[in-house]
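The values are calculated or read from the model by the stated rules, or taken from the named source; none is laboratory data. Only a predicted model underlies this, so the values are computations on that prediction, with no experimental measurement involved. Reconstructed Cβ throughout: ideal geometry from the backbone, glycine too, with neighbour counts over all protein chains shown. With ligands, DNA and RNA removed, areas are computed over all heavy atoms of the protein, side chains included. Shrake-Rupley method; radii C 1.70, N 1.55, O 1.52, S 1.80 Å.
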Amino acid sequence: MSGISLRSAGPADSVLVEQLTRRIWTGRVSEESTVFTETPDYVAAQLQKGGGAILLDDGVPIGSGRWVPVPGPIGQGAWMEIKRIGVLEAYRKRGFGEVILKALEQAGHDAGAEGAQLAVRHDQVRLVDFYAGLGYVLADDVELTTPNPRSPPPIGMRKDFRMNT
C-alpha cells in the first residue's frame with residue numbers, strides 16, 4: 001500500500017470522477033442504473049454541493065466516492081448522502097472502499113453533517129453487511145437525491161454520527 005493515497009475531489013475533477021465511476025460500475029450493476037446517465041456537469045454539481053474523494057495508486061486514479069448534503073431524519077439537522085463509492089476491479093477486496101467511505105464521512109462531518117445515509121442497489125445486496133459492519137443500520141425511510149424509477153427500490157441505510165462519538 002505504499003503507493004496508495006487519497007485526495008479530496010472538487011468540481012474541477014468532474015470529468016475524471018464521472019469516467020472513473022462509469023469504469024468501476026460497468027459490468028457490476030444493471031445498465032438501468034442512473035450512474036450511466038450521469039454527465040461531468042452533473043457530477044460537478046454534486047461535488048460543488050458536497051465533495052468527493054479519489055483514491056490513487058502511485059498517482060493513478062483507482063477509486064472514488066462522493067457525498068451531497070441532505071436534510072436529516074425528522075427532528076434532526078443536516079446530514080449527508082454517500083454516493084458512488086467504488087474501486088477498479090484489480091483493487092477490490094483490499095479495504096479501499098472503507099478508506100473512501102471514512103474519508104467521505106469525515107468530510108461531511110467537518111462540514112456539519114450529523115449523520116450519513118446511503119442506498120444499496122437491489123443487485124448489490126452483499127454490501128448491506130459491509131455497511132452494517134461500519135455502523136450503518138437499515139432505514140426504510142431514506143429519501144434519495146437521485147431516485148431511479150427504472151430499478152427496484154434500493155435498501156436504505158443510515159449512520160448517526162452523534163451515536164458514534
So between His109 and Thr39, what do we pick up on full extension, going 0.36 nm a residue minus the alpha carbon distance?
22.5 nm
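Exposed loop trypsin sites (Lys or Arg not before Pro) only (DSSP loop, at most 16 other Cβ atoms within 10 Å): please give the longest stretch of the chain free of them, not including the sites.
It runs 29-91.
Length gain on complete extension for the stretch Leu144 to Asp58, per 0.36 nm per residue less the alpha carbon to alpha carbon distance? Before the final figure, lay out the partial values.
Values: separation 86, 0.36 × 86 = 30.96 nm, distance 3.43 nm.
Length gained, Leu144 through Asp58: 27.5 nm.
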Determine the shape class of segment 1-149: with a ≥ b ≥ c the square roots of the Cα gyration tensor eigenvalues, call it rounded for a/c under 1.5, and otherwise prolate if a/b is greater than b/c, oblate otherwise.
rounded
Can you tell me what share of the DSSP beta bridges in segment 1-130 is antiparallel? A percent to the nearest 5 is fine.
90 percent
Taking a probe of 1.4 Å, how large is the accessible area per residue of the chain, in Å²?
52 Å²
For segment 1-43 versus segment 89-105, the gap between their alpha-carbon centres in whole angstrom
14 Å
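Where the only charges are on Cβ atoms (+1 Lys, Arg; -1 Asp, Glu), what is the dipole of the chain about its Cα centre, to the nearest 20 debye?
For this selection, approximately 280 debye.
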Apportionment of accessible area to carbon and sulfur, the chain, percent (1.4 Å)
54 percent
For Trp79, residues with placed amide H under 5 Å, excluding near neighbours
Val70, Gly72, Glu114
Which of rounded, prolate or oblate describes segment 126-165 when judged by the alpha-carbon gyration tensor and an a/c cut-off of 1.5?
oblate
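Rounded to the nearest 500, what is the chain's calculated 222 nm mean residue ellipticity when only DSSP H runs of at least 4 contribute -39500 (n - 2.57) each, over all residues?
Taking each H run of at least 4 residues, the total per residue is -8000 deg cm²/dmol.
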